1. Which one is most open to solvent (accessible area, probe 1.4 Å) among residues in the stretch 16-27 that are touching a residue at least 12 places away in the same chain (Cβ under 8 Å), assigned to a helix (DSSP H, G or I) and not basic (Lys, Arg)?
2. Under 7 Å between Cβ atoms, at least 6 apart or on separate chains: pull out the pairs that start in the stretch 29-43 with a residue that is over 12 Å from residue 16 (Cβ atoms) and open to solvent by 50 Å² or more (accessible area, probe 1.4 Å) and end on any residue that is in a helix (DSSP H, G or I) and among the polar types (S, T, N, Q).
3. Within the stretch 44-55, is there a residue that is within 11 Å of the chain's Cα centre (by Cα), modelled with pLDDT of 95 or more, of a type in the set (A, V, I, L, M) and over 16 Å from residue 12 (Cβ atoms)?
4. Could you give every pair whose Cβ atoms fall below 6 Å, whose first residue belongs to the stretch 49-70 and is closer than 18 Å to residue 38 by Cα, and whose second residue is of a type in the set (Ser, Thr, Tyr), counting only separations of at least 6 or pairs across chains?
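The values are calculated or read from the model by the stated rules, or taken from the named source; none is laboratory data. Remember, it's a predicted structure, so these values are computed and weren't measured experimentally. Here the Cβ positions follow ideal geometry from the backbone for every residue, glycine too, while neighbour counts run over all protein chains shown. Remember, those area values only see protein heavy atoms, side chains included, never the ligands or the DNA or RNA. Shrake-Rupley method; radii C 1.70, N 1.55, O 1.52, S 1.80 Å.
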Amino acid sequence: MIGDIRKNDMDLNLLKVFVSVANKKSISLAASELKCAQSNVTSRIKQLEKNLGAELFFRVPKGVILPTSA
């Protein structure tokens with residue numbers, strides 16, 4: 001049970017990072033908002049993408065954008 005709680009906490013952390021990046025449309029701005037290194041945000045996004053088996057953002061020169069649903 002403790003393992004499940006820790007896993008859920010980690011999943012919530014990953015989602016918090018995702019929401020921040022999506023709202024800011026920038027990994028670096030999200031890192032500032034979350035008060036952590038840009039590399040940590042990038043790693044968490046990549047981890048979430050791996051867990052879900054999907055690319056969550058398109059990387060563009062001025063930040064990131066969410067893919068549109070068809």
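1. Out of the qualifying residues, it is 18.
2. 38/28
3. no
4. 63/26
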